[in-house]
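S.K.: Pasting a structure here, questions to come.
The values are calculated or read from the model by the stated rules, or taken from the named source; none is laboratory data. Bear in mind the structure is a predicted one, so any value in this text is a computation, not a measurement. Don't worry about glycine lacking a Cβ; one is built from the backbone with ideal geometry, like all the others, and counts go over all protein chains shown. Side chains are part of the model used for accessible areas, which takes the heavy atoms of the whole protein and leaves out ligands, DNA and RNA. Shrake-Rupley method; radii C 1.70, N 1.55, O 1.52, S 1.80 Å.
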Amino acid sequence: MADPGLVRIATSQVGEGVTGVMAGVAADIGVFLTVDDLRLTGSAGYIQVGCAAAMLVFWTVNLAVYRPRELRAFSNAVPVEDPASLRAQGTAQRRYVRQGCVRVAGLVLVFTLICAYYLHRPVLGLGLQLVFASSLLHTWRTTVAWERRHGLALWKPPLSLVGRETWRRSPYFVTPTAAQSLG
């Protein structure tokens, strides 16, 4: 497989998280202004709030369980042979990060609108936004903290380009912090 390039993990994950939360807030404003009955009373309200809370709890537990494995993978990251080549790929890296942000924004918008207008559970969309907010906190606590502690920048092929399975199998790459091309 040809090398698709690399993107900073912190930049792409934080960008996708912020985009997901912002797209969700925009969708929520539209939903809450147009839906007459939010169904927040009685059992329908409990179901909506319970499902949104369950999404947050399950995702947070998943992140906590995955964190030690992620930190081990960071420690086993492969040094990039030519960090200067990452600077030359700056435009492509920004494009890959934007593609990931657009993908996440679309997912959040579609999920929120389906929950509101098709399932008649407008508060369920908040659950996905809480998941992205939790992911932002997790990224900050793991990736950004690890990079600062070790003075290295973590990189991976862009998820939006290579797909989930290839992204999972690919190792992390590291460069000295001075070689960051995005920032």
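S.K.: Being among the polar types (S, T, N, Q), over 18 Å from Val144 (Cβ atoms) and in contact with a Ser or Thr (Cβ under 7 Å, 6 or more places away or on another chain) narrows it down to one residue among Gln99, Gln93; which is it?
M.R.: Of Gln99, Gln93, the one residue that is among the polar types (S, T, N, Q), over 18 Å from Val144 (Cβ atoms) and in contact with a Ser or Thr (Cβ under 7 Å, 6 or more places away or on another chain) is Gln99.
S.K.: Could you count how many residues in the stretch 34-65 are under 23 Å from Lys156 (Cα atoms) and open to solvent by 80 Å² or more (accessible area, probe 1.4 Å)?
M.R.: 2
S.K.: Additional query: Is there a residue being more than 13 Å from Trp155 (Cβ to Cβ) and at pLDDT 90 or above anywhere in the stretch 76-90?
M.R.: Taking every residue of the stretch 76-90 in turn, at least one turns out to be more than 13 Å from Trp155 (Cβ to Cβ) and at pLDDT 90 or above.
S.K.: Given the conditions (1) closer than 27 Å to Ala153 by Cβ; (2) modelled with pLDDT under 90, and given that Arg121 satisfies all but one, which numbered condition is not satisfied?
M.R.: Going through (1) closer than 27 Å to Ala153 by Cβ; (2) modelled with pLDDT under 90 one by one, Arg121 breaks only (1).
S.K.: Next question. Residue check: is Thr143 open to solvent by 40 Å² or more (accessible area, probe 1.4 Å), among the polar types (S, T, N, Q) and either within 12 Å of Ala73 (Cα to Cα) or without any contact (Cβ under 8 Å) to a residue 60 or more places away in the chain (or both)?
M.R.: Numbers: open to solvent by 40 Å² or more (accessible area, probe 1.4 Å): no; among the polar types (S, T, N, Q): yes; either within 12 Å of Ala73 (Cα to Cα) or without any contact (Cβ under 8 Å) to a residue 60 or more places away in the chain (or both): yes.
Judged against the criteria, Thr143 is not a match.
S.K.: Tell me which of these Pro68 doesn't satisfy, since it passes every other one: (1) at pLDDT 90 or above; (2) within 16 Å of the chain's Cα centre (by Cα); (3) open to solvent by 40 Å² or more (accessible area, probe 1.4 Å).
M.R.: Looking at each condition in turn, Pro68 falls short on (2).
S.K.: Further question on the same structure: Name every residue in the stretch 1-32 that is part of a helix (DSSP H, G or I) and more than 14 Å from Gly125 (Cβ to Cβ), in order of residue number. Steps first, please.
M.R.: Going residue by residue through the stretch 1-32, those that are part of a helix (DSSP H, G or I) are 9-32.
Across the stretch 1-32, the qualifying residues are Ile9, Ala10, Thr11, Ser12, Gln13, Val14, Gly15, Glu16, Gly17, Val18, Thr19.
S.K.: To continue, here is another question. Can you tell me which residue among Phe173, Phe132 is over 14 Å from Gly20 (Cβ atoms), crowded, with 18+ Cβ neighbours inside 10 Å and either modelled with pLDDT of 85 or more or acidic (Asp, Glu) (or both)?
M.R.: The match here is Phe173.
S.K.: Let me ask you something else. Considering only the stretch 9-62, state which residues are among the hydroxyl-bearing types (Ser, Thr, Tyr) and within 30 Å of Val144 (Cα to Cα).
M.R.: Step one: list which residues in the stretch 9-62 are among the hydroxyl-bearing types (Ser, Thr, Tyr), which gives 11-12, 19, 34, 41, 43, 46, 60.
Those that are among the hydroxyl-bearing types (Ser, Thr, Tyr) and within 30 Å of Val144 (Cα to Cα): Thr11, Ser12, Thr19, Thr60.
S.K.: Taking the stretch 152-170 as the search range and keeping residues that are surrounded by 16 or more Cβ atoms within 10 Å (Cβ to Cβ) and part of a helix (DSSP H, G or I), which one is modelled with the lowest pLDDT?
M.R.: Looking at residues that are surrounded by 16 or more Cβ atoms within 10 Å (Cβ to Cβ) and part of a helix (DSSP H, G or I), I get Ser160.
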